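Contents: one structure, followed by commentary.
Nothing in this text is a laboratory measurement; each read-out follows from the coordinates by a stated rule. Computed from a predicted structure; not experimentally measured. Note: ideal-geometry Cβ built from the backbone for every residue, glycine included; neighbour counts use all protein chains shown.
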Amino acid sequence: MAEPVGAGVRELVFALEFRGAAWALPGSTTKRRAKTTAPSQALSSVLGPEGVAARIEPVAGEHAVLESEVERRGDGTFVEAGTIAYGSAGAIAFETVGRGTVAPSPVAGCQRGAVIWTVTGGEGRFAGARGVITSNFTVSAAGEVVDDHFARLYLPS
């Protein structure tokens, strides 16, 4: 639920884990497309003497769908722009703040990376949305993506 934070503005903070694929665009050595989905889900983190116990459980509800285009640079950075549709409620548009980064992970054959997106607009219940989404992801050699988002959106009341 979005909480009021000021005159005419509500703040919505949430996390989702997306899964899907990324692939090279035909004829380009630098551009890629990605499409991932996230079911409605409950995330939990319990801290204890053994460390952190984390769980993601699907719950009843709609899916979110992310579609984007990525342009990789030779220095391990990239820029990205796209949309995320949050079920039938509406969608947001986003673009990279600065550049994202991607590098080999400790897992053989996988890359890991992170990016910050600024929300440039929205439609439906997200009309007029602004805010920031952080993305922390892995990509396998086969193009399988696991992408964890933390969003802080500001919506007009």
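Descriptive notes on the structure:
- Charge sum, other residues only, whose C-beta stays under 14 Å from R99's C-beta, Lys/Arg counted +1 and Asp/Glu -1: -2
- Build a GNM of the chain with springs between Cα atoms under 10 Å apart, and of V146, V13, V65 the one that fluctuates most is V13.
- Placing dummy labels 7 Å off each Cα toward the beta-carbon, the span from F14 to A60 is 1.7 nm.
- The charge dipole of the range 3-156, taken about its Cα centre with unit charges on the Cβ of Lys, Arg, Asp and Glu (plus for the first two, minus for the last two), comes to roughly 300 debye.
- The mean sequence separation of alpha-carbon pairs under 8 Å and at least six residues apart, normalised by the residue count of the range 3-156, gives a relative contact order of 23 percent.
- Under the simplified labelling scheme, the A81-A103 pair shows an inter-label distance of 2.8 nm, with each label point 7 Å from Cα along Cα→Cβ.
- The Cβ shell under 12 Å around L43 holds other residues with a net charge of -2, Lys and Arg each +1, Asp and Glu each -1.
- Note that the range 39-55 has calculated 3J(HN,Hα) couplings of x, 4, 7, 10, 10, 9, 9, 10, 8, x, x, 8, x, 10, 9, 10, 9 Hz, one per residue in order, obtained from phi through the Karplus relation 6.51 cos²θ - 1.76 cosθ + 1.60 (θ = phi - 60°); glycine and proline are x.
- Rounded if a/c under 1.5, otherwise prolate or oblate - the chain, Cα gyration tensor axes: oblate
- For the range 144-157, the Karplus equation 6.51 cos²θ - 1.76 cosθ + 1.60, evaluated at θ = phi - 60°, returns couplings of 6, 10, 10, 10, 9, 10, 10, 10, 10, 10, 10, 10, x, 5 Hz by residue, with Gly and Pro reported as x.
- A simple count of charges around E69, restricted to other residues whose Cβ falls under 13 Å of its Cβ and scoring Lys, Arg +1 and Asp, Glu -1, yields +1.
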